[in-house]
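These notes concern the structure reproduced below.
The values are calculated or read from the model by the stated rules, or taken from the named source; none is laboratory data. Please read all numbers here as calculations on a predicted model, not as lab measurements. Neighbour counts are summed over all protein chains in view; Cβ atoms, including those assigned to glycine, are modelled from backbone coordinates with ideal geometry. When the accessible area is computed, the model is the full protein with side chains, heavy atoms only, and any ligands, DNA or RNA have been set aside. Shrake-Rupley method; radii C 1.70, N 1.55, O 1.52, S 1.80 Å.
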Amino acid sequence: MQIEIDTHDEAERGALAGMIGAVAMLGAMALDLALTKRKTNELRMLAGLVPGGRKAWPVVGTAMHLANGGALGALFGRLHHGLPGPAWMRGVIFGLAENVLLWPAVIVLDRVNPAVKRGDVEPFNRPVPFLQEIFRHAVYGAALGVAYQLLTPRKRSE
């Protein structure tokens with residue numbers, strides 16, 4: 001199977017850049033989990049939303065995380081022109097704005113997510129997890145912006 005990405009299409013380029021950003025975010029999450037020793041693993045939280053996801057949380061959570069990163073990246077591809085600064089900064093602004101705008105969903109997820117109810121992950125609507133999410137989303141955004149710029153076709157001078 002071969003997947004072709006049209007790098008001239010901003011949404012497709014953004015989706016690929018968003019998945020790259022999502023991988024960078026996983027690295028940031030691994031670092032902050034090692035430093036804080038908190039149970040705020042987003043892959044477990046995401047997989048907890050899917051029936052049977054608890055057993056296969058690394059695969060299910062990663063697939064959901066990459067899909068989310070790609071979807072947000074596609075949106076970034078359409079919106080980044082209106083953001084200030086170089087590509088990495090536009091990505092950081094976008095990543096942090098997404099985190100703040102969607103944070104109310106975390107309040108709901110903390111109440112309904114089976115992984116939270118079981119104690120597999122702790123509630124995210126707390127000060128330390130919120131700071132972890134700021135860090136994770138800043139890394140996502142920076143990687144998104146840089147990847148988007150690197151994937152952008154250069155105009156050939158004639």
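Summary table
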| item | result |
| --- | --- |
| Helix 127-151 axis, angle to the chain major axis (alpha carbon atoms, nearest 10°) | 20 degrees |
| Probe 1.4 Å, protein heavy atoms only - accessible area per residue of the stretch 1-136 in square angstrom | 55 Å² |
| Dimensionless Rg over Rh [the chain; C-alpha; Kirkwood] | 1.02 |
| Trypsin sites (Lys or Arg not before Pro) within the stretch 126-158, DSSP loop, no more than 10 other Cβ atoms inside 10 Å | Arg154, Lys155, Arg156 |
| Whole-percent carbon and sulfur share, accessible surface of the stretch 1-107, 1.4 Å | 70 percent |
| Modelled FRET efficiency - R0 35 Å, Arg38 with Ala11, Cβ distances, 0.05 increments | 0.50 |
| Trypsin sites (Lys or Arg not before Pro) lying in DSSP loop within the stretch 50-98, provided at most 14 other Cβ fall within 10 Å | Lys55 |
| Kirkwood-based Rg to Rh ratio, the stretch 74-123, C-alpha trace | 1.19 |
| Point-to-point label distance, Ala105-Val59, nm (Cα→Cβ direction, 7 Å offset) | 2.4 nm |
| Angle in degrees between helix 87-112 and the longest Cα principal axis of the chain, rounded to the nearest 10 | 30 degrees |
| Student exercise, the stretch 57-156 dipole from Lys, Arg, Asp, Glu Cβ charges, in Debye to nearest 20 | 440 debye |
| Protection-proxy order for peptides 101-110, 43-52, each taking the mean of Cβ atoms within 10 Å per residue, highest first | 43-52, 101-110 |
| Reach of Lys39 by Cα under 27 Å, taken over lysines that are not fewer than 8 positions away in the same chain | Lys55, Lys117 |
